[in-house]
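One structure is given here, and the rest of the page talks about it.
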Amino acid sequence: MPPSPSPPSPSHADLRVLFITPEAHGLIKTGGLGDVSAALPAALSALDGTPAVDVRLLIPGYPSVLAGLKYKRKIASFGALREFPPATLISAKFSNGVPVFAIDCPGLYQREGGPYNDPAGRDWPDNALRFGLLSKIGAILASDASPLKWRPQIAHCNDWQAGLTPAYLHFHPGKKAATLMSIHNLAYQGIFPPGTVTQLGLPAESFGINGVEYYGNLSFLKAGLFYADTLTTVSPTYAQEIQRAPWGFGMQGLLKGRADQLSGIVNGIDTDAWNPATDMHIAQNYNAATLAKKTHNKLVLQQLMGLASADSKVSDAPLFGAIGRMTHQKGLDLIEEIAPQLIDLPAQLVILGSGDKPLEESLLALAQKYPGKIAVSIGFNESLSHLIEAGADCFLMPSRFEPCGLNQMYSQRYGTPPLVHGVGGLTDTVIDFAPAPVAAPPRRRAVGDATGFLFQQMTAADLLAAAGSVASLYRDKKRWRQLQKNGMARDFSWRSSASRYREIYESLLVA
Ligand code: ADP
């Protein structure tokens, strides 16, 4: 008998996803969303198994985006819609190979300053239009109104700037993609006066409690949270915290009501960009087997920042590093409060960041008061951020709330154990050296599989006590090394998180 023909292999059509985001590292970045928007699509594209994910980015064409993209092609035009000026869609490829659609609309995006703020730090007055257009074009591309042949099955909307896409799609009568709304930080909601609703072409009926209205105004984020088919946020603990006050920032009722459709998936990190063995920004590369070489980075960092490095007393003192947006969220004010006692441990402190002007100024004044012991650099400095991760002994992250946080993962990978507040993604990604109740003093506690330090109360006393544990364990070189190695051995790559996102995409197709 002739062999029966083998059955045709099941056809696993690609899963097509439009990833709508206001920033992506390599083109434009202000924080963690930028890192995620560059790394997650790349990880999704690289996933083994089926279905393959064909993910493409949609991003506003700010100057750095248009300048940073190579081999650009104009592929579609959009006429003026309501108050949106005409725009052009540019197709290009990201340096990591992910296809990108950039919205070229010079009237809205071609200007000096940040993506959300003018050079003086004030919100752009036309942010509703700027991100309304991002959301609107996202909805067009994700529906049968799209001028493109490529049609996504999923519109993956990131943060408030893409929050209107699910609302536009909800009211679109034709065929459309399913929607996933990802919350990277619930504190930013995109709230605008009620007149914006018609200005942006949303139907009047959408303006109600069961819709885009939030206490009499239009909320982009609420729109996304209400209309999207499903919701994610960036860590399991944060997914719980946002269902209650205060970290629900007014959305807790809605989120609790949708708890069944809300998943927390911890972010991964870009393990190529953040690899101490190959990092081009640091003074000396090293890995877990050559950890002694890390010290050279500390010396270079101390010299660069004007911190003392010569005497042995100083070399026995841990250097604490902190990097982040200078906002109330990040708790840098608490570091400021404990700084005099911190340096008496003894310890040194280096801080990099920018944001609220009064905080910037008081931190600079602190550095002036304690020369050689505290150094502060104001600004966004990619290179210095890598050197701090490599050169500091301990990374400080006393965030009041933290959806996921990335620096605490970078620091574990760099053998720089983090000291973090026990909230959100910090709880989910750092294994505490001193889980409560603390039974023994630090010098007698086993390191076990710990990778860092958590403090629970957002008070100067609690932070200082934890910093004291750091300083004490730091002097015990053997156990400190174990803590460093534990952190360096952890897998923070995107692979497993990207698989979770793929599962969610698939669940939306069958729903
Ligand atoms: P958030 O998204 O709330 O700002 P994350 O920890 O998730 O916080 O991500 C912040 C990202 O931005 C990290 O990659 C961090 O290193 C980077 N970053 C923040 N401020 C600065 C700065 N002043 N200079 C360089 N990088 C910075």
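The values are calculated or read from the model by the stated rules, or taken from the named source; none is laboratory data. The structure displayed is predicted, hence computed values, not measured ones. Don't worry about glycine lacking a Cβ; one is built from the backbone with ideal geometry, like all the others, and counts go over all protein chains shown. Surface accessibility is based on the protein's heavy atoms, side chains included, excluding ligands, DNA and RNA. Shrake-Rupley method; radii C 1.70, N 1.55, O 1.52, S 1.80 Å.
Dipole of the range 3-129 (Lys/Arg Cβ +1, Asp/Glu Cβ -1, origin at the Cα centre): which of GLY26, PHE94, ILE59 lies farthest to the positive side?
With unit charges placed on the Cβ atoms, the residue in question is PHE94.
Let me know the charge dipole size of the chain about its Cα centre in debye, to the nearest 20, where only the beta-carbon of Lys, Arg (+1) and Asp, Glu (-1) is charged. Walk me through the numbers before you get to the answer.
On the way: 45 positive and 42 negative charges, 172 e Å.
The dipole of the chain has a size of about 820 debye.
Which of the lysines could be linked to LYS373 by a straight reach, that is with a Cα gap under 30 Å, when you skip same-chain ones fewer than 8 residues away?
LYS293, LYS294, LYS298, LYS313, LYS330, LYS357, LYS477, LYS478, LYS485
May I ask which residue of PRO152, LEU134, TYR116 lies farthest towards the positive end of the charge dipole of the range 112-154, with charges of +1 (Lys, Arg) and -1 (Asp, Glu) on Cβ and the Cα centre as origin?
PRO152
Using amide H atoms built in the peptide plane, which far-off residues or other-chain residues are under 5 Å from ARG400 H to H?
Under 5 Å from the amide H of ARG400: LYS330, GLY331.
Rounded to the nearest 20 debye, what is the charge dipole size of the range 276-352 about its Cα centre when +1 sits on each Lys and Arg Cβ and -1 on each Asp and Glu Cβ?
Using Cβ point charges on Lys, Arg, Asp and Glu, the range 276-352 gives about 320 debye.
Quick check: the angle from helix 382-391's long axis to the longest principal axis of the chain, C-alpha only, nearest 10 degrees?
40 degrees
Between ARG151 and THR88, what FRET efficiency comes out of the Förster formula 1/(1 + (r/R0)^6) with R0 = 25 Å and r the beta carbon distance, rounded to 0.05?
0.80
Among GLN457, PRO403, GLY257, whose Cα projects farthest towards the positive end of the dipole of the chain, with charges put on the beta-carbon of Lys, Arg (+1) and Asp, Glu (-1)?
Sorting the options by dipole projection puts first PRO403.
For the range 3-140, would you read off the P(r) tail past 28 Å as a percentage of all alpha carbon pairs?
Tail of the P(r) past 28 Å holds 24 percent of the pairs.
Keeping the other protein chains in place, figure out the carbon and sulfur percent of the accessible area of the range 309-403, with a 1.4 Å probe.
53 percent
For the range 186-201, what does the Karplus curve 6.51 cos²θ - 1.76 cosθ + 1.60, with θ = phi - 60°, yield as ³J(HN,Hα) per residue in whole Hz, taken in order and with x for Gly and Pro?
6, 5, 10, 10, x, 9, 9, x, x, x, 5, 4, 6, 4, 8, x
Per residue of the range 251-256, in order, report the coupling 6.51 cos²θ - 1.76 cosθ + 1.60 (Karplus, θ = phi - 60°) as ³J(HN,Hα) in whole Hz, putting x for Gly and Pro.
9, 4, x, 4, 5, 5
Helix 477-488 against the longest principal axis of the chain: what's the angle in degrees, Cα atoms only, rounded to the nearest 10?
10 degrees
If packing is taken as the mean number of other Cβ atoms within 10 Å per residue, what is the order of 496-508, 108-120, 22-34, highest first?
The most tightly packed comes first, giving 22-34, 496-508, 108-120.
If you take every residue apart from GLY331 with its C-beta less than 14 Å away from the C-beta of GLY331, what net charge results, scoring Lys and Arg +1 and Asp and Glu -1?
So the environment of GLY331 carries a net charge of -3.
Let me check I've understood the local charge: for VAL36, count other residues with C-beta under 13 angstrom from its C-beta, Lys and Arg +1, Asp and Glu -1. What total comes out?
-3
Between 0 and 90 degrees, rounded to the nearest ten: what's the tilt of helix 460-474 against the longest Cα principal axis of the chain?
With rounding to tens, the tilt is 70 degrees.
Once amide H atoms are placed 1.01 Å from N in the peptide plane, what residues at a sequence separation of 5 or more from VAL350, or on another chain, have their amide H within under 5 Å of its amide H?
Excluding prolines and chain starts, which carry no amide H, the hits are PHE320, GLY321, ALA322, ALA375.
Using a 10 Å cut-off on Cβ atoms, rank the peptides 52-59, 68-75, 241-248 from the highest mean neighbour count down.
Peptide ranking by packing, descending: 52-59, 241-248, 68-75.
Counting heavy atoms of the protein chains only and a 1.4 Å probe, report the per residue accessible area for the chain as a whole number of Å².
Spelled out: the 1.4 Å probe surface of the chain, per residue, equals 41 Å².
Could you derive backbone 3J(HN,Hα) for the range 265-280 from the dihedral phi with the Karplus parameters 6.51, -1.76 and 1.60 (θ = phi - 60°), listing whole Hz in sequence and x where the residue is Gly or Pro?
For the range 265-280, the Karplus curve yields 10, 5, 5, x, 10, 7, 6, 7, 5, 10, 9, x, 6, 10, 4, 7 Hz.
What's log10 of I(q)/I(0) for the range 85-212 at q = 0.12, 0.22, 0.23 Å⁻¹, Debye sum over Cα points only, no solvent?
Those come out to -0.49, -1.60, -1.66, one per q.
Any aspartates and glutamates with Cα under 20 Å of the LYS175 Cα? List them, leaving off those in the same chain fewer than 8 positions away.
Correct list for LYS175: ASP14, ASP54, ASP144, ASP229, GLU506.
Between LEU15 and residues 5 or more places away or on another chain, which pairs have amide H atoms under 5 Å apart, with H built 1.01 Å from N, and which residues are they?
ALA52, VAL53, ASP54
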